[in-house]
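Visitor: Dropping a structure here in structure tokens format, bear with me for questions.
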Amino acid sequence: MKKMFVLIDCNNFYVSCERVFDPKLNNIPVAILSNNDGCIVARSNEVKKLNIPMGAPYFKYKGLLEYNNGKVFSSNYQLYGDMSQRVMDSIKMLLSGEIEVYSIDEAFIYLDSNNTENLFELFKEVKEKIYKWVGIPVSIGAGATKTLAKFANNYAKKNTKEGIFIFETPYKHKEIMKSISVEDIWGISTRWGRRLKVLGYCNSYQLCHADTATIRAYLGVVVTRIVKELQGISCIELEQVKPKKNIMSSKSFGTLLSNIEPIEEALANYVARACEKLRAQKSKAQGIYVFLHTNKFKHYESQYSNSSTIGFEYPSSDTGFIIKQAKNLLKKIFREGYKYKKTGIILLDIIPEKEMQYNLFFNDISNKDYLMKVIDEINQKFGKKTVFHLAQGITKRWVMKSEYMTFRYTTCWEELLKIK
């Protein structure tokens, strides 16, 4: 096997990040909550053994977790994002090959190799060094295609002591493929799974031997590619990071809001974050969409939702300018007498900044671009929101609930881990 795809996946990533800085959390139930501490979005193996499902409302299982001496934490995205970057940097140092950061806790690598025995030792070293350098346990799976690498990683995580598995050929691992239902194949939806079973394909081994012409006729080209991937024929390449066409920024408020001022603050912060992403990919937006709505789950309260859009005269990534446009739209759609749950923005019709057409009679754009560049550099060097627009507010009464938040150990000087 000359070339193969490798998938490195962090085990229980959010939980593992918390355990790095508090070893007392090892071997006890640990759950991470979603925005506003509403639902359980990450579970340790100990929580899974309590039969607490992913996405379950926290209030339903609070008593069970407390009874089993479990710990609960609010999502600490700043910490998790930084730890993710450390894992990805470690992978780039340890393995030579193209890399696709698939998610915050997963990365595909396209690797050249001839000897699977040496590969196993290499993966063992990679796993050990990532744990030594970052403190995060990982599972590693490899195969001739991305789909088989995903198979191998799932198998490594659940069925091997080392957390490493190399999927050499579909025929050599026939029994493993027979144990995997079609709905559990990466890329197969529940609806497609039902249709495949009607055609007589119930597990991945059966699908591997399917007639591609039949699959194409009944389910189209996407499922046909998955069949070929199962056969060891690579059809899904590594994806390069592409600039986004639209950028959305939105979160629910920590409490329901009736006045426009705190909503304007929240909106300004969402614009600022979206503009940072816009400039990071060297792009400009040509318009903005603003939305606002009440809590649709509180049926006994008056409901209202609205949105509005505006196009810019010139493409922009200037945070101050876009905040002003967003606030103007908010004033148009805001109505007194309602309790609002959420607002947000979408930056529209994004283009590369190098395609920007300047106007002979309007030369203020380059000055604003330079100002934004300086602000970004200051915030990157000294920490987020070292410099920010006053419209973003100071008190921030609208922020999400995070009653169980741990420290941002790696990104905030005031919250560095203290050793007694």
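Visitor: Pick out which of 35, 45, 118 has the largest mean-square fluctuation in a Gaussian network model of the chain, springs linking Cα atoms closer than 10 Å.
Guide: In the Gaussian network model the winner is 118.
Visitor: Let me know the shape class of the range 247-392, please: from the alpha-carbon gyration tensor, a ≥ b ≥ c as square roots of the eigenvalues, rounded when a/c is under 1.5, otherwise prolate if a/b is greater than b/c, or oblate.
Guide: prolate
Visitor: Separate question: How much mean residue ellipticity at 222 nm does the chain get from its helices, if each DSSP H run of length 4 or more adds -39500 (n - 2.57) and you divide by all residues, to the nearest 500 deg cm²/dmol?
Guide: Computed ellipticity for the chain at 222 nm equals -12000 deg cm²/dmol.
Visitor: What residue among 305, 250, 366 shows peak mean-square fluctuation when the chain is described by a Gaussian network model with Cα springs under 10 Å?
Guide: Per the Cα network of the chain with a 10 Å cutoff, 366 tops the list.
Visitor: What number does the chain give for Rg over Rh if you use C-alpha atoms and the Kirkwood radius?
Guide: Value, to two decimals: 1.00.
Visitor: Sequence gap at least 6, Cα distance under 8 Å: using those rules, report the relative contact order of the range 4-76 to the nearest whole percent. Let's see the in-between values first.
Guide: Numbers: 96 pairs, mean separation 24.1, N = 73.
Reported relative contact order: 33 percent.
Visitor: On to the next question. To the nearest 0.05, what FRET efficiency results for residue 306 and residue 395 with a Förster distance of 22 Å applied to their C-beta separation?
Guide: Rounded to the nearest 0.05, the efficiency is 0.25.
Visitor: List the residues whose amide H sits under 5 Å from the amide H of residue 203, counting only those 5 or more places along or on another chain, with H placed 1.01 Å from N in the peptide plane.
Guide: Residues meeting the criterion, in which the H sits 1.01 Å from N, are 182.
Visitor: I've got another one for you. So, in Å, what gap is there between the alpha-carbon centers of the range 314-350 and the range 159-198?
Guide: Using only Cα atoms to place each centre, the spacing works out to 46 Å.
Visitor: Any lysines with Cα under 22 Å of the residue 284 Cα? List them, leaving off those in the same chain fewer than 8 positions away.
Guide: 242, 244, 245, 324, 327, 354, 368, 373, 384, 385
Visitor: Within the chain, which whole H helices from DSSP have a Cα span along their axis of at least 24 Å and a mean Kyte-Doolittle hydropathy of -1.0 or more, if any?
Guide: Span-like helices, by this rule, are 77-94, 116-134, 260-280, 365-382.
Visitor: Within the chain, which is the longest segment that contains none of the GluC sites (Glu not before Pro) sitting in a DSSP loop with at most 11 other Cβ atoms within 10 Å? Present the calculation step by step, with values, prior to reporting the outcome.
Guide: On the way: sites that count: 239, 336, 403.
Within the chain, the longest run free of exposed GluC sites (Glu not before Pro) spans 1-238.
Visitor: A follow-up question, please. For the chain, with the dipole built from +1 on Lys and Arg beta-carbon atoms and -1 on Asp and Glu ones, taken about the Cα centre, which of 199, 256, 30 lies farthest toward the positive end?
Guide: Of the listed residues, the answer is 256.
Visitor: How high is the relative contact order of the range 247-392, in percent, counting Cα pairs under 8 Å that sit 6 or more residues apart?
Guide: 36
Visitor: Would you kindly derive the ³J(HN,Hα) couplings of the range 347-355 from the backbone phi angles with the Karplus curve 6.51 cos²θ - 1.76 cosθ + 1.60 (θ = phi - 60°), listing them in order in whole Hz, with x for Gly and Pro?
Guide: Each residue's phi maps through the Karplus curve to give 7, 10, 6, 6, 10, x, 5, 6, 8 Hz.
Visitor: Could you point to the residue in 334, 293, 309 farthest towards the positive end of the range 247-392's charge dipole, with +1 and -1 charges on the Cβ of Lys/Arg and Asp/Glu respectively?
Guide: Of the candidates, 293 comes out farthest on the positive side.
Visitor: Let me ask something additional. For the range 247-392, with only Lys/Arg (+1) and Asp/Glu (-1) charged at the beta-carbon, what is the dipole magnitude about the Cα centre, in debye rounded to 20?
Guide: 520
Visitor: Normalised by the number of residues in the chain, what is the relative contact order in percent for Cα pairs under 8 Å and 6+ residues apart?
Guide: 16
Visitor: Tell me, how many Å apart are the Cα centres for the range 254-307 and for the range 1-70?
Guide: Distance between centres, Cα-based: 29 Å.
Visitor: Still on this structure: Can you tell me how the range 54-204 classifies by the Cα gyration tensor, rounded, prolate or oblate, using a/c under 1.5 as the rounded cut?
Guide: Oblate shape, in that a/c is at least 1.5 and b/c is the bigger or equal ratio.
Visitor: Return the FRET efficiency for the residue pair residue 280, residue 125: r is the Cβ-Cβ distance, R0 is 41 Å, and the value is rounded to the nearest 0.05. Intermediate results must be reported in sequence, preceding the final value.
Guide: Details: r = 33 Å, r/R0 = 0.80.
That gives a FRET efficiency of 0.80.
Visitor: If amide hydrogens are placed 1.01 Å from N in the peptide plane, which non-local residues have theirs closer than 5 Å to the one on residue 344?
Guide: Amide H to amide H, under 5 Å and 5 or more residues apart or across chains, residue 344 pairs with 291.
Visitor: Which one of 374, 87, 399 has the biggest mean-square fluctuation once the chain is modelled by GNM with Cα springs under 10 Å?
Guide: 374
Values quoted throughout were computed directly from the atomic coordinates according to the rules given, and no laboratory measurement underlies them. In this text, all values refer to a predicted model and were calculated from it rather than measured experimentally. Reconstructed Cβ throughout: ideal geometry from the backbone, glycine too, with neighbour counts over all protein chains shown.
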